[in-house]
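To keep things clear, I will list the structure first and then write my remarks on it.
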Amino acid sequence: MFPIDAPIRHKAFHDAHMWLLLFVFFLAVAMPFQWFTVVVWAIALCIAALIQGISWRFALHSLFIALGLSVSIWLLNALFHTADVSQADAFEKANQIALKVWAMTWVALLSSRMVNVRDVISYLLQRGWLSMQIAYAMMVGIGSIDLMRDETRRISLNARLRGLSWRQRFLQWVPLLVFALRHAQRGAMSLRARGLNQSKSFYYNYQATRAQGYRMVCLFTSMIVLTLCCEYFA
């Protein structure tokens, strides 16, 4: 039915499966699991990200960024606590909370390269689990992120070449706002021109392969085994 495979079918794990696993991870962080269980989850997901094709450099770079962002959480819990809590208990609690925040931030940064949201939307649309109107609107919104970033760089470069002061550069949000409004209007006109009929034809197959399903079952089973080992045998 779909003779051409989308790039999502050539990855080790299907992006929709990875998105579901990441969603479960972020929900589980809020539950009363041990801090080292969350750290083990983060390490396991990092290994999965490397198998998915993420480079070691990006994994290490995101690791140090997550550590830097979790320092403020550690300072907040270590220095500002109630009087009935001893300093040793405050430091222990601060370490546990900071490690959980670090693991969650690290996985969040890795997820930006682990999952292609557009392919996930196309997968849901092809399965009939997402309406045409919502899917196209989401794709227009996701595509506008890169356009907004590129336009911001062009405006900043133009201001720097013209020698504008920092006070004058503060008004850069005005042309950026105009660009955002124009892009939103173009996106709305494009959606109306497409008609958004339900009889859409797909040139690519976005469904998961059998091998991807087996790999995800193995990964999910490994996560459950690691959780049991950390919670009941550590």
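Expressed as a fraction of 2.2 N^0.38 Å, the value expected for a compact globular protein of N residues, the C-alpha radius of gyration of the range 1-114 is 1.31.
Among Arg154, Arg113, Arg162, the residue with the largest mean-square fluctuation in a Gaussian network model of the chain, with springs joining Cα atoms closer than 10 Å, is Arg162.
For the chain, the mean residue ellipticity at 222 nm estimated from helices alone is -25500 deg cm²/dmol, where every DSSP H run of n ≥ 4 contributes -39500 (n - 2.57) and the total is divided by all residues, rounded to the nearest 500. For the range 51-128, the Cα-based Rg and Dmax, in that order, read 18.0, 57 Å.
Rg over Rh for the chain works out to 1.06, using Cα positions for both radii and the Kirkwood form for Rh. Of the DSSP H helices in the chain, those that are both long (alpha-carbon extent of 24 Å or more along the helix axis) and hydrophobic (Kyte-Doolittle mean at least -1.0) are 35-52, 56-79, 87-114, 132-161, 173-194, 210-232.
The numbers here are math on the coordinates, done by the rules we state, and not lab data. Values in this document were obtained by computation on a predicted structure and should not be read as measured data.
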